1. Enumerate the strands (runs of 3 or more DSSP E) found wholly within the chain, keeping only those where 3 or more residues are of a type in the set (Val, Ile, Thr).
2. Yes or no: the stretch 102-113 includes at least one residue that is of a type in the set (A, V, I, L, M, F, W, C), within 11 Å of the chain's Cα centre (by Cα) and open to solvent by 50 Å² or more (accessible area, probe 1.4 Å).
3. Suppose the filter is buried (at least 18 other Cβ atoms within 10 Å of the Cβ) and touching a residue at least 12 places away in the same chain (Cβ under 8 Å); does Asn96 pass it?
4. Suppose the filter is more than 12 Å from the chain's Cα centre (by Cα), within 20 Å of Gly10 (Cβ to Cβ) and open to solvent by less than 50 Å² (accessible area, probe 1.4 Å); does Leu78 pass it?
5. Name the residues in the stretch 60-114 that are over 16 Å from Val2 (Cβ atoms) and polar (S, T, N, Q), would you?
6. Criterion first (touching a Leu at 6+ places or on another chain (Cβ under 6 Å) and open to solvent by less than 70 Å² (accessible area, probe 1.4 Å)) does Leu20 satisfy it?
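The values are calculated or read from the model by the stated rules, or taken from the named source; none is laboratory data. Worth saying up front: this structure is predicted, and the values here are computed from it rather than measured. In this analysis, Cβ positions are derived from the backbone assuming ideal geometry, glycine residues included, and neighbour counts consider all displayed protein chains. To get the accessible areas, we keep the full protein, side chains included, count just its heavy atoms, and leave off ligands, DNA and RNA. Shrake-Rupley method; radii C 1.70, N 1.55, O 1.52, S 1.80 Å.
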Amino acid sequence: QVQLVESGGGLVQPGGSLRLSCKISGTIFHFYAMGWYRQAPGKQRDVVARIFSVGNTNYADSVRGRFTISRDSAKNTLYLQMKNLKTEEAGVYYCNFRSASESWGQGTQVTVSS
């Protein structure tokens, strides 16, 4: 069983930056992918960025070039560096871990507002 705990959300002005963290704990032998998803009020949960076990990454078109996903294996932590945030990128950001099963964190709120 894998547990995920996100942190780093908060209020930021448009154009600002935030770095989200996801601490991963539990029994981890292998993973297929880890990622960040965003859910705005009344909308579905959409992928923002993913990193795969072989190290490659992919991003939603709207965030490519501004967001960076990374992981620190020694710390068992996944990160999402977000720059030049837009108001429409506000929402709850969830960490996802996918191996033989799938795990989700509880989410961290990101508010982008002036």
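1. Ranges flagged: 45-52, 108-112.
2. Scanning the stretch 102-113 turns up at least one residue that is of a type in the set (A, V, I, L, M, F, W, C), within 11 Å of the chain's Cα centre (by Cα) and open to solvent by 50 Å² or more (accessible area, probe 1.4 Å).
3. Yes, satisfied.
4. No, not satisfied.
5. Within the stretch 60-114, Ser62, Thr68, Ser70, Gln81, Asn84, Thr87, Thr108, Gln109, Thr111, Ser113, Ser114 qualify.
6. Criteria met by Leu20.
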